[in-house]
Amino acid sequence: MSDESLREAVAAGVMGSEEAHQALLQSIVDVARAIFHARASSIFLLDEAKDELVFEAVSGEGSDRLVGTRFPADTGIAGWVLVTRQPLVLEDVASDQRFAREVAEETGYVPNGLMAVPLLHEERALGVLEVLDRPNRSQFTLAESDLLGLFANQAAIALDLLQSGRRARAALTGASGEEAVVAKIASALAGLEGEERAAGLRLLTALEEVLRRG
């Protein structure tokens, strides 16, 4: 197989992995919205290079227009949750000074209440999961907190894999032979689980660092 054919095959594998991870993120927000009987649910991904939060998956209100929308990473409630790494529950967002109404109005949907939790993976803040306008309750129960945490854990894993795949795809653009190997490793991670996946991610990170120094 020629280098070009190999690169095309690897690119196809990386794209397939990205689509699978995006589908997983979409299923997470769909189920979260259904479980909490919410009007909407969304996952934001942190774009570290641009210091922005990006709508990566949306269920319910705004699902037809918000994916890909960006705003500064330190903005609003999502920005506060990302920076502090603390979950937040608000029954009346309008009364909270952290709420960025202008940004919400630009999205076309201004929520009344929300739950937000940071998406953390190996001590890195990858993004934020929000559940918007669930039925009003006097208190956020421990069971609900645990359940939201489970959704957050799964979303963080999917976001991490999505980022790895995108880095590999970027490496394919004008990639040298060594960078193509890094991309091939990244695309193969989709088929690994548990400790094997963790070891593969560590290897990928190490190889990227070596190439960056070169």
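The values are calculated or read from the model by the stated rules, or taken from the named source; none is laboratory data. Since we're looking at a predicted model, the values are computed, not measured. No Cβ is skipped: glycine too gets one built from the backbone with ideal geometry, and neighbour counts run over all protein chains shown. SASA here: full protein model, heavy atoms, side chains in, ligands and nucleic acids out. Shrake-Rupley method; radii C 1.70, N 1.55, O 1.52, S 1.80 Å.
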Check: Just checking, how many residues over segment 65-85 are in a loop (DSSP other than H, G, I, E, B) and touching a strand residue (DSSP E or B) at 6+ places or on another chain (Cβ under 7 Å)?
Finding: 6
Checklist line | Every residue from segment 90-103 that is closer than 28 Å to ASP146 by Cβ and either in contact (Cβ under 8 Å) with a residue 24 or more places away in the chain or in a loop (DSSP other than H, G, I, E, B) (or both) | finding: LEU90, GLU91, ASP92, ASP96, ARG98, PHE99
Next item on the list: Only residues in segment 69-89 that are closer than 19 Å to SER145 by Cβ count as the first member; pair them with residues that are basic (Lys, Arg), Cβ under 7 angstrom, at least 6 apart or cross-chain, and list the lot.
Entry: ILE77/ARG98; TRP80/ARG98
Item checked: Enumeration of residues in segment 57-88 that are in contact with a Gly (Cβ under 8 Å, 6 or more places away or on another chain), open to solvent by 20 Å² or more (accessible area, probe 1.4 Å) and either under 14 Å from ILE43 (Cβ atoms) or of a type in the set (D, E, K, R) (or both) -> ARG65
Notebook entry, point to check: Among the numbered criteria (1) open to solvent by less than 80 Å² (accessible area, probe 1.4 Å); (2) out of contact with any helix residue (DSSP H, G or I) (no Cβ under 6 Å at 6 or more places or on another chain); (3) modelled with pLDDT of 90 or more; (4) not basic (Lys, Arg), which single criterion is violated by GLU91?
Noted result: (3)
Item checked: Filter pass, GLU106 being open to solvent by 70 Å² or more (accessible area, probe 1.4 Å), under 16 Å from the mean Cα position of the chain (by Cα) and at pLDDT below 90 -> no
Check: Is it the case that segment 133-141 has a residue that's closer than 21 Å to GLY62 by Cα, modelled with pLDDT of 85 or more and either in contact with a strand residue (DSSP E or B) (Cβ under 8 Å, 6 or more places away or on another chain) or open to solvent by 10 Å² or more (accessible area, probe 1.4 Å) (or both)?
Finding: yes
Margin query: Let me spell it out: the conditions are (1) within 19 Å of LEU126 (Cβ to Cβ); (2) in a strand (DSSP E or B); (3) open to solvent by 10 Å² or more (accessible area, probe 1.4 Å); (4) of a type in the set (Val, Ile, Thr), and ILE43 meets all of them except one. Which number is the exception?
Written below: (3)
Checklist line | Candidates ALA34, ALA12, filtered to the one that is surrounded by fewer than 20 Cβ atoms within 10 Å (Cβ to Cβ), in a helix (DSSP H, G or I) and at pLDDT 90 or above | finding: ALA34
Note to self: Restricting to segment 26-44, name every residue that is among the aliphatic types (A, V, I, L, M) and in contact with a helix residue (DSSP H, G or I) (Cβ under 6 Å, 6 or more places away or on another chain).
What the structure shows: ILE28, ALA32, ILE43
Check: Any chance segment 144-156 includes a residue that's assigned to a loop (DSSP other than H, G, I, E, B), open to solvent by 20 Å² or more (accessible area, probe 1.4 Å) and either within 18 Å of ALA34 (Cα to Cα) or touching a strand residue (DSSP E or B) at 6+ places or on another chain (Cβ under 6 Å) (or both)?
Finding: no
Next item on the list: Starting from residues that are open to solvent by 20 Å² or more (accessible area, probe 1.4 Å) and in a loop (DSSP other than H, G, I, E, B), keep the ones in segment 110-132 and report whichever is nearest to PHE36 (Cα to Cα).
Entry: ASN112
